[in-house]
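In what follows, a single structure is set out as structure tokens and then discussed.
The values are calculated or read from the model by the stated rules, or taken from the named source; none is laboratory data. Just so we're clear, the structure is a prediction, and the values are computed from it rather than from any experiment. Reconstructed Cβ throughout: ideal geometry from the backbone, glycine too, with neighbour counts over all protein chains shown. Each accessible area value is taken on the protein alone, full model and side chains, heavy atoms only, with ligands, DNA and RNA left out. Shrake-Rupley method; radii C 1.70, N 1.55, O 1.52, S 1.80 Å.
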Amino acid sequence: MKITITLITCFAAMFSMAGLSFANSDISKQSSITTEEMVVTASRTEESKKEITQNINIISQEQIKMSFAHDLGDLLQENGIGHIHKYPGGLTTFGIRGFRTETHGNDLKGKVLILLNGRRAGTGNAAKIPVQSIEKVEIIRGPAAVQYGSAAVGGIVNVITKKGQDDPSFYISQTLGSFNYQKTETGLTGKQNQFDFAATASLSSMDAYDTAENNGEKFANTGFDDQTEIYLNLGYEFMPGNRFGVIINSFDVDEQGNPGYFSLQDSDDYKKSENNSFDIIYDGMSSSGKFSWKARYFDTSDIDQWFDPTASNPDGWDDGVKSKMDTDQKGAQAQVSVLFDSATVTTGVDWVKYDIKAAWSPEKTSYENPALFILGKKFFMERKLILSGGIRYDEYDVEVTEPAGRDEDDSNIVPSFGIAYNLNENIKLRTSYGEAFVMPSADHMAADYYTWGTHYVGNSSIEPEKSKTYEAGVDITKGSLKTSLTGFFTDFEDKIESTALENGDKSWKNVGEAEISGFEADFSFDIGAYFGWSYELRPHANLVWLTQYKDKEADEDLKYVSDLVLSYGLTLSDMDGFSTGINFSYESDQDITDYENGTYATIKRDSFTTADVFIAKTLVSFKEYGDISLKTGIKNLFDKDYEFVQGYAMAGRNFYLTLKFTY
């Protein structure tokens, strides 16, 4: 913790010195020609980051290339987005501002939403989103319900995948690592005439890993066999600005270890996981550019199966299956944007339907959600002052299709608005207010079934969980300096919790309330560019500090929430094929429930800091025949003994080496 505070102080001092010196620096002259950062997540259309009234972060393609992250969860943890809740066995959920995706990956019951190219991913499990297909990641911290609907309370993570552009290129790589990790990956991307294409495919496997310094023992059953990841994005621009596209995503892993607690290891349970999706997309615009539109249909399937070879548990759907959860999602989006001289308006409709079957429940459930939304911005003072606002109306119908056949329906409305003021080209002030919600599930509203001798009954009068968030911040971009500071306050109410009825049945009701407040800060500064050096030397930091995270009903801190999450590090690049860097990730302690020892008491999970280091170098470059590059890295450099979840120790120090040919 002392190291963390020292680094924060150093970065703050560096920022202050840079600010005092810019007036006399050549870098200040370069700021006017700095390329504007364009984003699509905040308003569902492409816009300059300078025009956004919320706190938004971007994980760029350059950062992804330097990472040895296996999946989206690893990538978010490296960048300090928020609390990570990671189990061995391919399950990673994560938090933003004290809220997080749902433990078992069902995005309907989460309070942070994962998107794939602007539509619901159909899962809250970040371990099912492979890194190889990601172009960049845009993160809205705070409510995004007006744009994306239910579950976007703490924020959203929009994974934007690769799209073909420029001349065709091809790569193939082989990665070897500790614990017999192996990954073969290949990809093809490019654009020819009106046709664009991007495709990646990989096959990987890993044995069980060793834990860290305290014992160095092997954690049985933490590896996996035959993990395949396939991505395909095809598009055809039949008129200027009008593109028809198809995207296919496939994630499939077999024989994935599903261990028990490290203190009580299970060496033979395993699971199979899948996440497959298909999108058809039409993006269009008028010849003048005043009108633009998008239409999309998508179909996703998310399946987890847990196997117990001893057959000691009740049968699931198939012989040898201990449990299974199958979530099918279908959806459609349609929107139109109009660009006026001093305003923009986007309006549209969303529709999504989930069909869910879980082996631990005798019921099948259906969840259908049509919605209308409108988003707008008004510009004043030559676009220095920006007012934004929006409103969304959702209807939802839930149904228990068997055995009881009950159905219920309800509706919800949420608004948002914000103000941004660009003091000059480099400094933006912003403030915003937004409401968000989590719709009740079919179980919550319409359950009527028996399981394990208990009768569960839905509550038709239950209300959506709701939040109101206020925030204010400042963004500074000056040449090679990028930094921001945001303060926020969230009032969360009507939390849905289970309850026992007088007759012994179980149901659900709105009882919980919470208040969460804190600060977020980002810092990045290229020292090399500032001094005119021929190489980049960039310190960076990302901080989330919760000053309050109180359960108002219980009058205690919220469980499974860390009050401080910090990512910081340093990268060095000669701009000619060599780069290296080190990144530290810190997460403070948190209150948890002691499930491992069976006491169910509230205890502390310890804080920890991990470090990762990488070196990348282009070995050979042929003008006509491509490049050969090498990247090596060490994760958990100092062999830190740590765990995200009580009883599930993470891997000790581990090494990776990637040889890549690009043509």
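Below are the figures for this structure:
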read-out: Three principal axis lengths of the chain [C-alpha, angstrom, descending]; value: 76, 58, 53
read-out: Using a Förster distance of 45 Å, the FRET efficiency for Phe170-Asn424 (Cβ separation, nearest 0.05); value: 0.50
read-out: Cα-projected label distance for Glu536 with Leu572, points at 7 Å along beta-carbon direction, nm; value: 1.6 nm
read-out: Extension gain, Gln192 back to Leu234 (0.36 nm per residue minus Cα-Cα distance, nm); value: 13.9 nm
read-out: Segments 451-457, 351-357 sorted - mean Cβ within 10 Å per residue, highest first; value: 351-357, 451-457
read-out: Accessible surface of the range 586-663, 1.4 Å probe, proportion on carbon and sulfur as whole %; value: 56 percent
read-out: Estimated distance in nm for a label pair at Asn276 and Leu264, the labels positioned 7 Å out from Cα along Cα-to-Cβ; value: 3.6 nm
read-out: Accessible area expressed per residue, the chain, with surrounding protein chains retained (probe 1.4 Å, Å²); value: 43 Å²
read-out: Of all accessible heavy-atom area on the range 345-398, the percent that carbon and sulfur account for (1.4 Å); value: 64 percent
read-out: Length added when fully stretched, Phe608-Glu62, from 0.36 nm per residue minus Cα-Cα; value: 193.9 nm
read-out: Protection proxy ranking of 584-596, 389-401 - average other beta-carbon atoms within 10 Å, highest first; value: 389-401, 584-596
read-out: Fully extended contour minus Cα-Cα distance, from Thr618 to Thr347, at 0.36 nm per residue; value: 92.9 nm
read-out: Unit Cα scatterers, Debye sum, the range 59-157: log10 I(q)/I(0) for q = 0.12, 0.16, 0.18 Å⁻¹; value: -0.32, -0.58, -0.74
read-out: Anchor Lys384: aspartates and glutamates whose Cα lies under 20 Å away (excluding residues fewer than 8 positions away in-chain); value: Glu36, Glu37, Glu46, Glu47, Glu51, Asp341, Glu425, Glu471, Asp475
read-out: Residues Asp409 and Leu385, FRET efficiency given R0 of 30 Å [Cβ-Cβ distance, rounded to 0.05]; value: 0.15
read-out: Protein accessible area in the range 478-539, 1.4 Å probe - carbon and sulfur %; value: 51 percent
read-out: Efficiency of FRET between Leu659 and Val511 - r from beta-carbon atoms, R0 51 angstrom, step 0.05; value: 0.35
read-out: Shape category assigned to the range 141-190 from the gyration tensor of Cα positions, a/c cut at 1.5; value: oblate
read-out: Peptides ranked, highest mean first, by Cβ atoms within 10 Å: ranges 502-511, 132-141; value: 132-141, 502-511
read-out: Taking the C-alpha atoms of the range 546-623, convex hull volume expressed per residue in Å³; value: 153 Å³
read-out: Label point distance in nm, Ala334-Tyr470, each placed 7 Å from Cα along Cα→Cβ; value: 4.0 nm
